[in-house]
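Trainee: Sharing a structure, written as structure tokens. Questions coming.
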Number of protein chains: 2
Amino acid sequence: MSGARRLGLGIDTGGTNTKIVLVAESGKILHSAQVPTLPTKGPGAFIKRVAAGVRKSEKFLGARAEFACLAVAGDVDAAEGRLRRSPNLPAFEKFPLRERLSRALARGVCVHNDANMAAWACYALELKRRYAHVVALTMGTGVGGGVVLGGTLHTGATGSAAEIGHMRVSFGGAACRCGADGCLEAYAGKYGIVRIYRSLAAASGVKTRLSRLKNLEPEQIARAGAAKDVIARETWKEVGRAVSVGIINLVYLLNPDAIMIVGGVAKASGLFMPEVRKSMSKESFRAPFGRVRILAAKRDDLGSLGAALYSLEPGP
Amino acid sequence: MSGARRLGLGIDTGGTNTKIVLVAESGKILHSAQVPTLPTKGPGAFIKRVAAGVRKSEKFLGARAEFACLAVAGDVDAAEGRLRRSPNLPAFEKFPLRERLSRALARGVCVHNDANMAAWACYALELKRRYAHVVALTMGTGVGGGVVLGGTLHTGATGSAAEIGHMRVSFGGAACRCGADGCLEAYAGKYGIVRIYRSLAAASGVKTRLSRLKNLEPEQIARAGAAKDVIARETWKEVGRAVSVGIINLVYLLNPDAIMIVGGVAKASGLFMPEVRKSMSKESFRAPFGRVRILAAKRDDLGSLGAALYSLEPGP
């Protein structure tokens, strides 16, 4: 109604902290804050804490967003604005997140999977809407993703689309947390990468410094790989082989312009991408494999930024 | 402009014959004919033969379609209206099909992959546009598919989307005609099914009637399976295991409302679908797997029908 610039509001719910981000239409961050998620205190208290945080941020800016978008990890029922299932936030499952947050903020709210929102940030911000078909592959504790096709976020029949981490990369392969075997996440999620390192170290018969660590992290395996540790390098090669099957399947099915790798493990992409590129170069369908650009995202706030930008879309 | 009903024109190019179909907007076939494809005579002669066939059909009907859609197997460059690569029609590769056919027919023409057109027929005709997100899985000599998302045909960045047959269902599995290993087609295409039967028959140590046949066809293995032949039944189980990996990957990535199995091998779906349903029932993400309907198409003219219906879409 007014000539004022519109403000986007994104809220990204993590297991520990929840980020609140206010952005301009350009994607420029105007203000950001965080509140503790405290899942054990229940979703009602969480809604109050978030609403107070939003009020504080908007008071500081002296401006108000018309609409808000809540990003959360798990199987989101976007139509109902609820979490169906969440490994990180089981206490929030089935709670009417959208309805309660909408009431507390006195504005419209949408709820989406956080990887879908990261995909939106890849499409709208990182790639500046230059490409119509963009896939985000999120690699952190788990593996997930989001799909933008023809400039539209594809969330699917039940809002569960782009669960890329549970695509099978191996007939009856390694066990995944989801209960199935051979999922991409079982090779390229945090526990998958650590499992590969430990099994290669065990097979080598030598106790390595890293294999003695109880809480081994992919970051440590990445540092060892960069320092030319043989077992670490072989680990990333195996991760790369699994990721290449996932990416090859994505390309055959969706024929995207770009695939962006997002999340903590994206920082190690220099260690596993050579294997992916080698596999892709062998595919005989040259048109789709020649077109697709595989990129690694540098920033790690794409979930909250994507949610803030998506809140500015018509009918998010 | 006039009040007359619009007519759709679809031309489906097979390796031997090319079907010409004129349909009403309802999908009702008003006239159909076929002309020999004769690929060895070259694409120029093919265009003339098709144009003569269309003229004859339209004269018979006393009506004219405003636009035509040509369906063809292979990697289609829809933007350029050419075949990039075609195992069945190598002589047609790179030829300006759209431009020449448009000139010969004196109207607009689009060129699309035949499996994409079959997917459009599944969405628009078989499922009557009741579902927004529909995948067709075509199982004939090769394995392919098409994807309709949000009621829009998704052809991808280079028109190569939905090459479902080349999604990997096994790390380093059976060799595919495309040069890669472990493609769905290597298990569920005609030569894959025959290979599985032959290797199971060889392993059994008994020469079966079918294993003696030089030109064994999936139809014969289906008949044997229906007659409770043990090796044939085990063959279809293995086909089902491969198809289930493909379908599970489709569901995780696209979360469709429906997947329709189309083509000659769809007729054997009663033999391999129990294995697929068993695999799907084990997946822990209940929302997308509970939603998706898996159906087998009964008619085998969905490519030409889909092309005819698609010619009626705005900007096909």
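The values are calculated or read from the model by the stated rules, or taken from the named source; none is laboratory data. Note that the structure is predicted; figures quoted are calculated from it, not measured. Cβ: placed from backbone, ideal geometry, glycine included. Neighbour counts: every protein chain shown.
Trainee: How many residues does region B:243-257 contain that are farther than 12 Å from A:Ala180 by Cβ and either more than 9 Å from chain A (Cβ to nearest Cβ) or of a type in the set (Gly, Ala, Ser) (or both)?
Mentor: Total meeting the criteria: 3.
Trainee: Just give me the residues in region B:140-155 being more than 9 Å from the chain's Cα centre (by Cα) and more than 7 Å from chain A (Cβ to nearest Cβ), in sequence order.
Mentor: Of everything in region B:140-155, those that are more than 9 Å from the chain's Cα centre (by Cα) and more than 7 Å from chain A (Cβ to nearest Cβ) turn out to be B:Thr141, B:Val147, B:Val148, B:Gly151, B:Leu153, B:Thr155.
Trainee: Hey, another quick one. Would you confirm, using the coordinates I've provided, whether B:Arg55 is farther than 17 Å from B:Ala118 by Cα, at pLDDT 95 or above and of a type outside the set (A, V, I, L, M)?
Mentor: When the stated conditions are applied, B:Arg55 passes them.
Trainee: Which one is nearest to the other protein chains (Cβ to nearest Cβ), of the residues in region B:275-294 that are within 20 Å of A:Gly145 (Cβ to Cβ) and among the hydrophobic types (A, V, I, L, M, F, W, C)?
Mentor: Only one residue tops the list, namely B:Ala287.
Trainee: For B:Gly27, indicate whether it is over 19 Å from B:Arg299 (Cα atoms) and either outside any helix (DSSP H, G or I) or away from every other protein chain (no Cβ under 14 Å) (or both).
Mentor: no
Trainee: Could you give every pair whose Cβ atoms fall below 9 Å, whose first residue belongs to region B:167-178 and is touching a residue at least 60 places away in the same chain (Cβ under 8 Å), and whose second residue is hydroxyl-bearing (Ser, Thr, Tyr), counting only separations of at least 6 or pairs across chains?
Mentor: B:Met167/A:Tyr252; B:Val169/B:Tyr187; B:Val169/B:Ser244; B:Ser170/A:Ser170; B:Ser170/B:Tyr187; B:Arg177/B:Tyr191
Trainee: Only residues that are in a helix (DSSP H, G or I) and either outside the structural domain of B:Val239 (by TED's automatic domain parsing) or over 19 Å from B:Ala222 (Cα atoms) (or both): list them for region B:174-203, please.
Mentor: Within region B:174-203, B:Ala203 is the sole residue that qualifies.
Trainee: Pick out the one residue from B:Ala121, B:Ala136, B:Ala104, B:Ala65 that is assigned to a loop (DSSP other than H, G, I, E, B), in contact (Cβ under 8 Å) with a residue 24 or more places away in the chain and of a type in the set (A, V, I, L, M).
Mentor: Unique residue meeting the criteria: B:Ala65.
Trainee: Name every residue in region B:159-176 that is within 7 Å of chain A (Cβ to nearest Cβ) and buried (at least 24 other Cβ atoms within 10 Å of the Cβ), in order of residue number.
Mentor: B:Ser160, B:Ala161, B:Ala162, B:Glu163, B:Ile164, B:His166, B:Met167, B:Arg168, B:Val169
Trainee: Let me ask something else about it. When the residues of region B:68-101 are filtered to those that are touching a helix residue (DSSP H, G or I) at 6+ places or on another chain (Cβ under 8 Å), over 18 Å from B:Gly142 (Cβ atoms) and part of a loop (DSSP other than H, G, I, E, B), which remaining residue is nearest to the other protein chains (Cβ to nearest Cβ)?
Mentor: Step by step, filter region B:68-101, then rank; the result is B:Glu80.
Trainee: Let me ask something else about it. Identify all residues within region A:159-173 that are in a loop (DSSP other than H, G, I, E, B) and at pLDDT 95 or above; write none if there are none.
Mentor: Within region A:159-173, A:Ala161, A:Ala162, A:Glu163, A:Met167 qualify.
Trainee: Working only within region B:277-305, note down all residues that are out of contact with any strand residue (DSSP E or B) (no Cβ under 7 Å at 6 or more places or on another chain) and not in a loop (DSSP other than H, G, I, E, B).
Mentor: Scanning region B:277-305 gives B:Arg277, B:Lys278, B:Ser279, B:Met280, B:Ser281, B:Arg286, B:Pro288, B:Phe289, B:Gly290, B:Arg291.
Trainee: Restricting attention to region B:121-157, which residues are surrounded by fewer than 24 Cβ atoms within 10 Å (Cβ to Cβ) and among the polar types (S, T, N, Q)?
Mentor: B:Thr141, B:Thr152, B:Thr155 - these are the residues of region B:121-157 that are surrounded by fewer than 24 Cβ atoms within 10 Å (Cβ to Cβ) and among the polar types (S, T, N, Q).
Trainee: Identify all residues within region A:4-24 that are closer than 14 Å to A:Gly303 by Cα and not in a strand (DSSP E or B); write none if there are none.
Mentor: The answer is A:Gly14, A:Gly15.
Trainee: Which condition from (1) touching a helix residue (DSSP H, G or I) at 6+ places or on another chain (Cβ under 6 Å); (2) facing chain A (nearest Cβ under 7 Å) is the one that B:Gly179 breaks?
Mentor: (1)
Trainee: Taking the conditions exactly as written (within 20 Å of A:Ile261 (Cβ to Cβ), touching a Cys at 6+ places or on another chain (Cβ under 6 Å) and within 14 Å of chain B (Cβ to nearest Cβ)), does A:Glu238 satisfy them or not?
Mentor: In short, no.
Trainee: With respect to B:Gly205, determine if the residue is closer than 21 Å to B:Asn116 by Cα and either in contact (Cβ under 8 Å) with a residue 24 or more places away in the chain or away from chain A (no Cβ under 13 Å) (or both).
Mentor: In short, no.
Trainee: Any idea which residue in region A:240-274 is nearest to A:Val148 (Cα to Cα), counting only those that are polar (S, T, N, Q) and assigned to a helix (DSSP H, G or I)?
Mentor: Per the stated criteria, the residue is A:Asn249.
Trainee: Here's another thing I want to ask about it. State which residue is farthest from A:Ala91 (Cα to Cα) when the search covers only region A:30-50 and only residues that are assigned to a helix (DSSP H, G or I) and hydrophobic (A, V, I, L, M, F, W, C).
Mentor: Looking at the filtered set, the residue picked out is A:Val50.
Trainee: Can you name the number of the only condition in (1) part of a helix (DSSP H, G or I); (2) within 27 Å of the chain's Cα centre (by Cα); (3) more than 14 Å from chain A (Cβ to nearest Cβ); (4) not small (Gly, Ala, Ser) that B:Lys214 fails?
Mentor: That leaves (1) as the condition not met.
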